[in-house]
Amino acid sequence: MVRNRGLSLLRKGKSPSVVAEMLNVTPRCIYRWQQEARKPKRKKAACPLGRPRKITGEQVKELEKALDRGAYAFGYTGDYWTLDRIAQLIWQLFKVRYHPSAVWYVMDRMGWSSQRPQRRALHRDEEAIMEWKKNVLPEIKKDSRPERYTGT
């Protein structure tokens, strides 16, 4: 506000020392205002901070489609993705090297999270487990309410 008023007084022909006295600022401040008015500073938001990303937004979308196809589609034995496997996939698709620890940031950009598959027995019998929780577990535990252990 004060700066704009000072610059308008300068345009009307007042000297910098008179304007400085009128606005109760130093003459050096007036000279700096004039200089900045002639050559305005570049806005900070004009250029992004930090290193540019290695893969573009379109490439991230393409990577997400490839990951959705599953690890089997790319020759892996298990159908799960590790950071190493994703780094190799990025190299195969885009010829861009990522360290496995840096792949995590790409995954975060895509909205993906770290999840591990639950380990379950191959011959797991869900009905037998529910039956055991309903009949045997209440006998073992002090609290004998069956609904506590059956999840209902």
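The values are calculated or read from the model by the stated rules, or taken from the named source; none is laboratory data. Since this is a predicted model, take the numbers as computed values, not measurements. All Cβ positions, even for glycine, are placed from backbone atoms using ideal geometry, and neighbour counts span all protein chains on display. Areas reflect the complete protein model, heavy atoms only, side chains present, ligands, DNA and RNA absent. Shrake-Rupley method; radii C 1.70, N 1.55, O 1.52, S 1.80 Å.
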(request) Treating each Cα of the chain as an identical point scatterer and ignoring solvent, apply the Debye formula and state log10 I(q)/I(0) at q = 0.15, 0.20, 0.21 Å⁻¹. (result) -0.86, -1.18, -1.24
(message) Using helices alone, I'd like the mean residue ellipticity at 222 nm for the chain: each DSSP H run of four-plus residues gives -39500 (n - 2.57), total over residue count, nearest 500.
(response) -16000 deg cm²/dmol
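Hey, what did the chain get for relative contact order, percent, Cα under 8 Å, at least 6 apart? Don't jump to the answer; show the numbers that get you there.
Values: 76 pairs, mean separation 16.5, N = 152.
Rounded, it is 11 percent for the chain.
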(message) How much length would be gained if the chain were fully extended between residue 126 and residue 109, taking 0.36 nm per residue of separation minus their Cα-Cα distance, in nm to one decimal?
(response) 2.4 nm
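Measure off, as a whole percent, the carbon and sulfur share of the 1.4 Å-probe accessible area of the stretch 32-86, all protein chains present. Mind dumping the intermediate values first?
Details: 2390 of 4670 Å².
That share works out to 51 percent.
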(message) Tell me which trypsin sites (Lys or Arg not before Pro) from the stretch 55-145 have a DSSP coil assignment and no more than 13 other beta carbons within 10 Å of their own.
(response) 95, 97, 119, 120, 124, 141, 142
(request) Find me the longest stretch of the chain that has none of the exposed chymotrypsin sites (Phe, Trp or Tyr not before Pro), where exposed means in a DSSP loop (not H, G, I, E or B) with at most 16 other Cβ atoms within 10 Å. (result) 1-75
(message) 7 Å from Cα along Cα→Cβ at both residue 41 and residue 23: what's the point-to-point distance in nm?
(response) 1.6 nm
(request) With a 1.4 Å probe and every protein chain left in place, work out the accessible area per residue of the chain in Å², rounded to a whole number. (result) 84 Å²
